[in-house]
Structure formats: C-alpha cells, structure tokens
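The values are calculated or read from the model by the stated rules, or taken from the named source; none is laboratory data. Note that this is a predicted model, so its numbers are computed, not measured. Cβ atoms come from the backbone with ideal geometry, glycine included; neighbour counts cover every protein chain shown. The protein model used for the area step is the full one, side chains on, heavy atoms only, and it has no ligands, DNA or RNA in it. Shrake-Rupley method; radii C 1.70, N 1.55, O 1.52, S 1.80 Å.
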Amino acid sequence: MPEQLDVTDSVLDQVDLNTFRSVMGSLPTGVSVVTSVTADGEPRGLTCSAVCSVSASPPLLLVCVKQPSATLEAIHQSSVFAVNFLSADMTALARTFASSVPERFSDVAWRPGERTGAPLLGSTVALAECILTSSHLAGDHQVLIGRLVHGEASATRRPLAYWRTQFSDVQPQGLAG
Ligand SMILES: Cc1cc2nc3c(=O)[nH]c(=O)nc-3n(C[C@H](O)[C@H](O)[C@H](O)COP(=O)(O)O)c2cc1C
C-alpha cells in the first residue's frame, strides 16, 4: 500500500510559478477539448492539455481542470465528460475553448455523445466518452478520473501538439531502425 509523504511548507523548496511553467511547458502534449453538459442540457467545454491514460483494465483516463470552471461544474452535475483530441488544423478551436468567449459552441460542429450526451466535436483525431468515477483535489486543480464507455480514433488525422506555449503539427519520423 503506497504511503502519503507527510511534507510541510518548511521542508519544501519554494519554486516560483515561472519556473514551474517553463519546466512543465517543456513537455510536449496533445491538445484536447474536454466537454460536458449542464443539468439544463447546455454544452460546456475547455481546452485541456492535462490528459493522461491511467488504467487499461478497467479503461480509465484522467484530466486535470482548474477551479473554478464552468466545465468542471457541468461535469459534477452530469457525472460525465468527453475528451476530444484535436487535429493539427484545429488551433483556432483550441484558442476559442481557452478564451473567455461564453458561447464557445456556436460556430463549432458537434453532436451529443451516444453514451453520455457530452458534446463530441467533428473532425478530431480521437474522442473518449467517459463516466466520472472519482475526483481529487490537487492544489488549484481537480484531477478527474473517467471510465471510458465509448471511444473512436481516426486512422488518418494528425494531432495538434503544444510545446513551450506554441501550437504545432507533429511530424512522424517514420519507422525506427
Ligand atoms: C494549450 C492549452 C492547454 C490548457 N490546458 C489546461 C488544462 O489542462 N487544465 C485547465 O484547467 N485549463 C487548461 N487550459 C486553460 C483553459 O482552457 C482556460 O482557462 C479556459 O478558459 C477554462 O474554461 P472554463 O473555466 O470556462 O471551463 C489550457 C489552455 C491552453 C491554451
């Protein structure tokens, strides 16, 4: 059984926000839009790079969402969310879902997910419909664990990547060796 390390502020080295951002920003990520639906049936979504595979059996993934967030509120109301893995040509959409625009879905093609009702965007690299299984407070974010109940992946589309505050395309290097 793993043990929780008991650390207090006095034994922690203080690292400033810029250092944290430049260190973590050095890790290239994919870019997703995490979506959900409010109790009134309104779509919500935000751009999210903190997405990670957790378990294969059962199939679990995690997303980290900052508090407060309208999308986070909707996820807790509906207990479902979808992760839409953006394609390389979806930079504008990534910016819209990271902006303060209230009507983020008005110019976007989407449909309610078959299993969850969470919004699924068109032309993505992959999508994952999830049931929320647990949430954990971690600093100013919540770590949300979801169980995959429906997934689709494109065999041809290429992903949008994010590295050191810039969006980019991924260039495959071909087969190794
Ligand atoms: C490339 C990129 C990645 C982001 N990743 C995350 C993330 O992992 N978690 C998060 O909470 N916000 C992330 N954001 C910021 C949110 O998209 C942004 O704060 C959004 O406006 C929050 O929407 P909401 O509060 O209305 O739900 C990211 C933004 C960008 C541009």
For residue 20 paired with residue 136, estimate the spin-label separation in nm (one decimal), with each label point 7 Å from Cα along the Cα-to-Cβ line.
1.7
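For the peptides 87-93, 149-155, 39-45, what is the packing order when you average, over each peptide's residues, the other Cβ atoms within 10 Å and list the highest mean first?
Values: 87-93: 18.1, 149-155: 12.6, 39-45: 15.4.
Ranking, from highest mean packing down: 87-93, 39-45, 149-155.
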In cubic angstrom per residue, the convex hull of the range 80-131 built on its Cα atoms measures 80
Within the accessible area of the chain, what % is carbon and sulfur when the probe is 1.4 Å and the other protein chains stay in place?
54
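Considering every pair of different Cα atoms, what Kirkwood radius, in Å, is found for the chain? Present the calculation step by step, with values, prior to reporting the outcome.
On the way: mean 1/r = 0.0575 Å⁻¹.
Averaging 1/r across every pair of different Cα atoms and inverting gives 17.4 Å.
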With label points built 7 Å along Cα→Cβ from the Cα atoms of residue 115 and residue 149, find their separation and express it in nm.
0.8
Going residue by residue through the range 119-128, the Karplus relation 6.51 cos²θ - 1.76 cosθ + 1.60 with θ = phi - 60° gives ³J(HN,Hα) values, rounded to whole Hz and with x marking Gly or Pro, of x, 10, 7, x, 6, 8, 6, 6, 9, 9
Measuring with a 1.4 Å probe in the full set of protein chains, what accessible area per residue, in whole Å², belongs to the range 56-177?
58
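Tally Lys/Arg at +1 and Asp/Glu at -1 over every other residue whose Cβ is under 11 Å from the Cβ of residue 158; what's the total? Each step should come with its number before you reach the end.
Working: positive: 157; negative: 89, 169.
Result for the local shell: -1.
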Summing Lys, Arg as +1 and Asp, Glu as -1, what charge do residues with Cβ under 15 Å from the Cβ of residue 20 carry, residue 20 excluded?
0
Leaving out ligands, DNA and RNA but keeping every protein chain, what accessible area does residue 95 have, in Å² rounded to the nearest 10, with a 1.4 Å probe?
140
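Write down the percent of antiparallel bridges among all DSSP beta bridges whose residues are both part of the range 30-167, to the nearest 5.
Details: 46 of 46 bridges.
Roughly 100 percent of the DSSP beta bridges within the range 30-167 come out antiparallel.
At a threshold of 8 angstrom on Cα-Cα distance, excluding pairs fewer than six apart, so keeping six or more, what relative contact order does the chain reach in percent?
Details: 343 pairs, mean separation 44.4, N = 177.
Worked out over the chain, it gives 25 percent.
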